[in-house]
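> My questions all concern the structure below.
The values are calculated or read from the model by the stated rules, or taken from the named source; none is laboratory data. These numbers come from a predicted model, not from an experiment. All Cβ positions, glycine included, derive from the backbone under ideal geometry; neighbour counts span all protein chains shown.
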Amino acid sequence: MCGITGFIDFKKTSHEDILRKMSDTLYHRGPDGSGTLFLEEQNAQIGFGHRRLAIIDLSERGKQPMQFAHLWICFNGEIYNYQEIKVELSNLGHTFVGESDTEMLLHAYAEWGKDCLGKLIGMFAFVLFDSISSKFFIARDRAGVKPLFYYFKDGLFLFASELKAFHEHPSFQKEIDLNAVGAFMQYGNVPTPHCIFKDCFKMEPGNYAFLSLEDQSLKIFNYWNVYDAYNKPKTKISFQEAKLETEKILTSACEYRMVADVPVGVFLSGGYDSACVTALLQKNRTEKLKTFTIAVPDIGLNEAPYAKDVANYLGTDHTEIECTQKDALNLIEQLPFYYDEPFADSSAIPTTLVSIMARKHVTVALSADAGDEVFAGYNRYDYLIRYGKKMENLPGFVRKSIATIMDAVPSEKIPVLKNKYNFHNRYEKLKGILRNPSPQQIMLSLSQQYTDKQLENVLLSNVNRLETKYLSNALQAENYSPLAYMMAIDYQTYLVDDILQKVDRATMTASLEGREPFLDHRIIEWAATLPDDFKYHNGEKKYILKEIVHDYLPKEMMDRPKMGFAIPIAHWLQNDLRELVEENLQETKIKEQGIFHWEFVLKLKTDFFQGKKELDMKLWYLLMFQMWYQKWM
């Protein structure tokens with residue numbers, strides 16, 4: 001795990017000092033060492049910068065940028081099956097000087113070209129230069145675990161693991177894309193492949209590209225897509241056979257992610273996903289796994305007792321990390337540096353805290369992200385299946401009348417429910433579902449904070465809706481089900497742009513490598529072909545996964561409501577963060593900035609502070625954007 005950055009400057013205005021400055025912005029991603037490569041080619045200057053977090057082959061032989069023959073590479077990630085591929089390459093006549101997966105990757109490309117991607121099990125983002133063909137090969141892993149930004153304008157191509165590196169190049173023009181601002185206000189992130197800046201993009205998961213030195217052309221191709229799995233016929237298999245095969249693939253994925261030359265641990269929340277990872281890894285080990293749990297008791301976030309029960313039962317070496325509300329609040333003002341594109345998922349706070357604490361004990365930590373997207377764990381899937389058809393069958397005027405009444409009654413006025421987890425935000429989203437309960441609209445209503453109509457009142461300029469995977473129609477009719485539709489979209493949108501971005505930045509903040517077993521592509525390729533009933537069974541979410549876990553842990557220990565990294569946003573905004581809100585959302589700043597309607601901002605603040613708690617996330621999104629703007633613009 002590392003940080004990569006660099007440039008291909010066709011105008012030849014760059015120099016090595018720029019490259020070093022770009023690389024140094026990524027110090028937190030790789031404090032164990034750095035390397036740069038600066039080449040003067042006939043058509044361009046080439047700069048590769050690398051920050052190293054040493055995980056495999058800790059010697060200098062693992063240093064980057066790395067060369068083999070006519071190939072140079074700048075690589076971020078881990079190829080978990082690199083040893084098997086090395087054996088295959090050795091049998092074909094290749095010899096190696098070190099033990100790193102980076103060296104294997106160079107040889108794999110020399111042998112198979114772009115087809116080497118099909119052999120890789122891992123997470124990766126890399127740029128490879130072939131001096132014979134005068135082309136760059138650029139690739140990102142299938143699920144999008146590792147980030148890769150690029151900028152291409154006026155003969156300058158920049159790439160980096162994080163946007164902050166671009167700001168160090170004097171020719172980078174940081175012009176905000178207002179369409180991206182609109183998308184952020186809806187989703188809490190800027191959806192891939194788009195970026196907050198014009199002429200700047202994210203390489204899409206499962207894609208590779210060739211950039212030519214000769215004609216400056218950039219050609220992008222897709223080599224893997226989750227719909228290839230969802231559009232296969234459903235596997236005709238018994239549940240018990242499916243359960244055995246699922247456990248086999250999960251075990252393989254987990255074991256691969258234990259490969260390291262440094263200490264490895266597991267994030268354990270006490271929920272099914274992390275318990276599954278922990279159980280499958282501990283079952284064949286005599287040594288105790290290192291597991292970690294975070295608790296922030298004074299904000300009501302405390303899964304420690306549940307995690308401790310799981311750890312004790314499985315026999316892990318368990319560490320409880322307790323933080324205070326002050327620790328969490330103090331982190332907020334640092335978020336814009338690490339999340340250098342606007343980002344509004346508040347669970348970034350506890351994820352970053354647990355990463356910082358775990359780094360004191362280990363260099364690699366496994367987390368259980370994507371269990372919900374792969375095995376149908378989100379409440380929204382439950383809502384769609386339980387209530388989608390019922391709502392569609394309600395007369396339109398009845399649904400719209402209920403939504404209108406809800407507009408007039410603040411969520412804070414609803415007895416009992418007002419104290420439930422995330423009720424205020426769900427209350428706001430329910431209005432959109434009532435107005436249009438189709439599967440497509442339910443997906444959008446549950447994913448967006450601001451509807452297209454509301455956005456018109458937020459932004460001064462008219463914006464165009466960005467083309468995103470939220471509106472994908474790639475799921476073929478013969479394979480369509482509401483559940484498959486939502487899960488496939490989540491895998492390409494919420495997972496990539498929220499969950500994976502959050503975990504990458506949170507772990508890298510602490511120079512900790514995060515690994516996600518559930519994102520092994522073999523798992524989704526298998527799970528997508530299972531019948532829906534194996535994943536969502538008689539109202540039970542993640543059914544097959546839970547049945548696997550129950551073989552290792554008592555059902556009564558695991559059977560409890562999903563907790564998640566819940567942050568009391570409404571309470572914080574009304575109290576501890578009130579001053580921060582007023583500072584960043586003051587009239588002079590909003591008007592000088594020229595992006596948002598001041599009248600809207602004023603009304604949003606007024607309504608929220610007068611008791612409309614359901615507006616908390618709308619206000620939080622605005623605050624997160626303003627804090628990012630103050631840091632980077």
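> Has the range 380-388 got at least one residue that is aliphatic (A, V, I, L, M), assigned to a helix (DSSP H, G or I) and within 28 Å of the chain's Cα centre (by Cα)?
Checking the range 380-388: at least one residue is aliphatic (A, V, I, L, M), assigned to a helix (DSSP H, G or I) and within 28 Å of the chain's Cα centre (by Cα).
> Would you please list the contacts, defined by Cβ atoms under 8 Å and residues six or more apart or on different chains, that run from a residue in the range 464-491 that is more than 19 Å from Trp224 (Cα to Cα) to a residue that is of a type in the set (A, V, I, L, M) and surrounded by fewer than 20 Cβ atoms within 10 Å (Cβ to Cβ)?
The qualifying pairs are Pro482/Ile385; Leu483/Ile385.
> Within the range 1-31, work out how many residues are outside any strand (DSSP E or B) and in contact with a Cys (Cβ under 9 Å, 6 or more places away or on another chain). Show your work before the answer.
Initial filter on the range 1-31 (outside any strand (DSSP E or B)): 1, 10-30.
From what's left, in contact with a Cys (Cβ under 9 Å, 6 or more places away or on another chain): 26, 29-30.
Selection size over the range 1-31: 3.
> Got a sec? Which helices (runs of 4 or more DSSP H) wholly within the range 323-379 have at least 2 residues that are in contact with a Leu (Cβ under 7 Å, 6 or more places away or on another chain)? First the steps, then the outcome.
Values: elements: 325-332, 335-338, 348-358, 371-375.
By residue number, 325-332, 348-358, 371-375.
> Is it the case, given these coordinates, that Glu16 is surrounded by fewer than 20 Cβ atoms within 10 Å (Cβ to Cβ), more than 27 Å from Glu168 (Cα to Cα) and either free of Cβ contacts under 8 Å to residues at least 40 places away in the same chain or charged (D, E, K, R) (or both)?
Details: surrounded by fewer than 20 Cβ atoms within 10 Å (Cβ to Cβ): yes; more than 27 Å from Glu168 (Cα to Cα): no; either free of Cβ contacts under 8 Å to residues at least 40 places away in the same chain or charged (D, E, K, R) (or both): yes.
Spelling it out, it is not the case that Glu16 is surrounded by fewer than 20 Cβ atoms within 10 Å (Cβ to Cβ), more than 27 Å from Glu168 (Cα to Cα) and either free of Cβ contacts under 8 Å to residues at least 40 places away in the same chain or charged (D, E, K, R) (or both).
> While we're looking at this one, here's another question. Just checking, which of Lys146, Lys153, Lys114 is surrounded by fewer than 23 Cβ atoms within 10 Å (Cβ to Cβ), in contact with a Phe, Trp or Tyr (Cβ under 8 Å, 6 or more places away or on another chain) and basic (Lys, Arg)? Lay out the reasoning, then the answer.
Working: Lys146 fails: surrounded by fewer than 23 Cβ atoms within 10 Å (Cβ to Cβ); Lys153 fails: in contact with a Phe, Trp or Tyr (Cβ under 8 Å, 6 or more places away or on another chain).
One residue alone meets the criteria, Lys114.
> Another question, then. Residue under question is Leu553, and the condition is that it be modelled with pLDDT of 95 or more and under 30 Å from Gly371 (Cβ atoms); does it hold?
Values: modelled with pLDDT of 95 or more: yes; under 30 Å from Gly371 (Cβ atoms): yes.
So Leu553 passes the test.
> Of all residues in the range 453-478, how many are surrounded by fewer than 19 Cβ atoms within 10 Å (Cβ to Cβ) and assigned to a helix (DSSP H, G or I)?
7
> Restricting to the range 324-341, name every residue that is hydroxyl-bearing (Ser, Thr, Tyr) and more than 19 Å from the chain's Cα centre (by Cα).
Here is the first cut: in the range 324-341, the ones hydroxyl-bearing (Ser, Thr, Tyr) are 324, 338-339.
Within the range 324-341, Thr324 is the sole residue that qualifies.
> Please give the strands (runs of 3 or more DSSP E) falling wholly within the range 203-313 in which 3 or more residues are among the β-branched types (Val, Ile, Thr), buried (at least 21 other Cβ atoms within 10 Å of the Cβ) and in contact with a strand residue (DSSP E or B) (Cβ under 8 Å, 6 or more places away or on another chain).
In the range 203-313, 290-296 are the strands (runs of 3 or more DSSP E) which contain 3 or more residues that are among the β-branched types (Val, Ile, Thr), buried (at least 21 other Cβ atoms within 10 Å of the Cβ) and in contact with a strand residue (DSSP E or B) (Cβ under 8 Å, 6 or more places away or on another chain).
> If you don't mind, there's one more thing I want to ask. Can you give me the number of residues within the range 233-285 that are of a type in the set (A, V, I, L, M, F, W, C) and farther than 28 Å from Asp532 by Cβ?
Step one: of the range 233-285, the residues of a type in the set (A, V, I, L, M, F, W, C) are 237, 239, 242, 244, 249-250, 253-254, 258-260, 262, 264, 266-268, 275-277, 279-281.
Next, only the ones that are farther than 28 Å from Asp532 by Cβ stay: 258-260, 262, 264, 266-268, 281.
Going through the range 233-285 one residue at a time, the tally reaches 9.
> Contact list please: Cβ distance under 9 Å, first residue in the range 208-226 and more than 25 Å from Thr529 (Cβ to Cβ), second residue acidic (Asp, Glu) and buried (at least 17 other Cβ atoms within 10 Å of the Cβ), pairs at least six apart or on different chains.
Note: pairs meeting the criteria are Ile220/Glu204.
> Just to be sure I understand, how many residues within the range 514-528 are under 17 Å from Asn81 (Cα atoms) and part of a helix (DSSP H, G or I)?
6
> Could you pull out the residue among Glu392, Glu428 that is at pLDDT below 80, part of a helix (DSSP H, G or I) and surrounded by fewer than 16 Cβ atoms within 10 Å (Cβ to Cβ)? Let's see the steps before the verdict.
Values: Glu428 fails: surrounded by fewer than 16 Cβ atoms within 10 Å (Cβ to Cβ).
Selected residue: Glu392, the only one of Glu392, Glu428 that is at pLDDT below 80, part of a helix (DSSP H, G or I) and surrounded by fewer than 16 Cβ atoms within 10 Å (Cβ to Cβ).
> On to the next question. Can you confirm whether the range 184-198 contains a residue that is in a strand (DSSP E or B) and hydrophobic (A, V, I, L, M, F, W, C)? Give the derivation first.
As a first pass, look at the range 184-198 and keep what is in a strand (DSSP E or B): 197.
Narrowing further to those that are hydrophobic (A, V, I, L, M, F, W, C): 197.
There is at least one residue in the range 184-198 that is in a strand (DSSP E or B) and hydrophobic (A, V, I, L, M, F, W, C).
> What residue, among those in the range 36-54 that are under 19 Å from Val262 (Cβ atoms) and outside any loop (DSSP other than H, G, I, E, B), is modelled with the lowest pLDDT?
So the first thing to find is which residues in the range 36-54 are under 19 Å from Val262 (Cβ atoms), and the list is 50-54.
Imposing the further condition that a residue be outside any loop (DSSP other than H, G, I, E, B) reduces the set to 50-52.
Working: His50: 95, Arg51: 93, Arg52: 86.
Per the criteria, the residue is Arg52.
> Failed condition for Asp57, given (1) surrounded by fewer than 23 Cβ atoms within 10 Å (Cβ to Cβ); (2) modelled with pLDDT under 95; (3) part of a strand (DSSP E or B), with all others met?
Unmet for Asp57, out of (1) surrounded by fewer than 23 Cβ atoms within 10 Å (Cβ to Cβ); (2) modelled with pLDDT under 95; (3) part of a strand (DSSP E or B): (3).
> Determine the pairs where a residue that is within 23 Å of Gly611 (Cα to Cα), located within the range 428-453, has a partner that is outside any helix (DSSP H, G or I) and among the hydroxyl-bearing types (Ser, Thr, Tyr) with Cβ atoms under 7 Å apart, the partner being 6 or more residues away or on another chain.
From the range 428-453, the pairs are Gly432/Thr451.
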